[in-house]
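The values are calculated or read from the model by the stated rules, or taken from the named source; none is laboratory data. From a predicted model like this one, the values you see are computed outputs, not experimental measurements. Cβ coordinates were reconstructed from backbone atoms using ideal geometry, including for glycine residues, and neighbour counts include every protein chain displayed. The accessibility values were calculated without ligands, DNA or RNA, using every heavy atom of the protein model including side chains. Shrake-Rupley method; radii C 1.70, N 1.55, O 1.52, S 1.80 Å.
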Amino acid sequence: MNQLNVLGIETSCDETGVAIYSAERGLLAHQLYSQVELHAEYGGVVPELASRDHVRKLVPLIRATLEQAKMTGTDIQGIAYTAGPGLAGALLSGAAVARSLAWTWQVPAVEVHHMEGHLLAPMLEENPPEFPFVALLVSGGHTMLVKVEGIGRYRLLGESLDDAAGEAFDKTAKMLGLGYPGGPVLAERAQQGDPERFRFPRPMTDRPGLDFSFSGLKTYALTTMQKESVGLQGDRLETLKNDIARAFEDAVVDTLVIKCRRAVRESGVKTLVLAGGVAANQRLRDKMNRMMAEENGNAFYPRLDFCTDNGAMIAYAGWQRLKAGESIGLAFQARPRWSLMELQAP
Ligand code: KG4
Ligand code: ZN
């Protein structure tokens, strides 16, 4: 199937993403509508509002993506959509549109695992990594270290026992009153922070193993804030927040780097892939690059836009499965909880 243009649809959380990936010509178009403003006043994602907004935005976004690729429905040979994991209502909104369109256009539809999408996102870049590689998946919902032998051939090396790395960023930012989503804003404040003022622990790094725990760091940030902020206001309060943000970010980044170094050494695999929203963090990218250079290996990342949720990674992962003949029947479902380890090679 050389002539294979795949429409990818992502609606698992608070971004509506649509893209077209072509077997022959690569990524042809991608469009994203972020719901950040919609949820900002509530300090986090409101699932019902997310579903309704996907319903509102998805069809116009598909139209815009087709237009950008100078295509119509007849140019599409397959549809890939995020079936899970994620918010049930948000997933169903995308699944319903994807499955209906596939029926209308009489093309196959395929379910994509959101984290497989993240994992394969670096493949969209000019210089893609080669199998096997170790992947650090760091998003708002997951923190996993995975050994990747090929598409659908994943072995879990370690994961977070409590909060995901992105979730810890979000909760800490909220606690500091910095707003939502927390990752980018906390990273920005950390830039202005003093790295010497506080030192937060590097959780679970003093014992063997590749699992993570981030919920204690959030509590550490909270108690530091409570203790140090007494009587402070104005600039001095903002400086304190910057310094806490810096200590928090350094602790998360160092912890991730320590565990990745360990995973690379234990597996003997010298290629590391970082993906998911937290992979957009510049300090993480810099330190990970340095570590991989010391290990005589290479680190790969998606471009910044494709670290966070997007339709391109779903179109690409779907293409990998569609070209191998995978597709679903007319019945569709959302899989809010779906382990990456359940996937099989196509
Ligand atoms: O992959 P993603 O868009 O959605 C999920 O699948 O969860 O990841 C979103 C997460 C959020 O927790 C957000 O705060 C975090 O990624 N994030 C960042 C940065 N940009 C996004 N965390 C740290 N530094 C960043 N620059
Ligand atoms: Zn994601």
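Compared with the dominant Cα axis of the chain, that is its longest principal axis, helix 282-294 is turned about 90°. The C-alpha atoms of the chain define a longest principal axis, and helix 234-267 lies at about 60 degrees to it.
Computed on the range 132-301, the Cα convex hull volume stands at 103 Å³ per residue. Annotation for residue 233 and residue 36: the two label points, set 7 Å from Cα along the Cα-Cβ direction, are 3.0 nm apart. The Cα center of the range 219-298 and the Cα center of the range 122-160 differ in position by 19 Å. From most to least packed by mean Cβ count within 10 Å, the peptides 179-185, 247-253, 315-321 give 315-321, 247-253, 179-185.
Over the range 132-301, with the other protein chains present, what is the accessible area per residue in square angstrom, probe 1.4 angstrom? Accessible surface, normalised per residue, equals 43 Å².
From the alpha carbon centroid of the range 55-75 to that of the range 78-110 is 14 Å. Beta bridges assigned by DSSP with both partners in the range 1-141 are antiparallel in approximately 60 percent of cases. Using every pair of separate Cα atoms, the Kirkwood estimate puts the hydrodynamic radius of the chain at 20.7 angstrom. Ligands, DNA and RNA left out, the 1.4 Å accessible surface of the chain is 48% carbon and sulfur atoms. Put simply, the range 214-346 fits an ellipsoid with semi-axes of 37, 22, 14 Å; these come from the alpha carbon gyration tensor as the roots of five times its eigenvalues, largest first. In the distance distribution for the range 1-113, Cα-Cα pairs more than 22 Å apart total 29 percent. The peptide list 92-105, 281-294, 219-232, put in order of mean Cβ contacts within 10 Å with the highest first, becomes 92-105, 281-294, 219-232.
Relative to the Cα centre, what is the charge dipole magnitude of the chain, using +1 at the beta carbon of each Lys and Arg, -1 at the beta carbon of each Asp and Glu, and rounding to the nearest 20 debye?
Working: 36 positive and 41 negative charges, 75 e Å.
For the chain, the charge dipole is close to 360 debye.
For the chain, adding -39500 (n - 2.57) for each run of n ≥ 4 DSSP H residues and dividing by the number of residues yields -13500 deg cm²/dmol at 222 nm. For the chain, give me the percentage of DSSP beta bridges that are antiparallel, rounded to the nearest 5 percent. Looking only at bridges with both residues in the chain, the antiparallel portion is about 60 percent.
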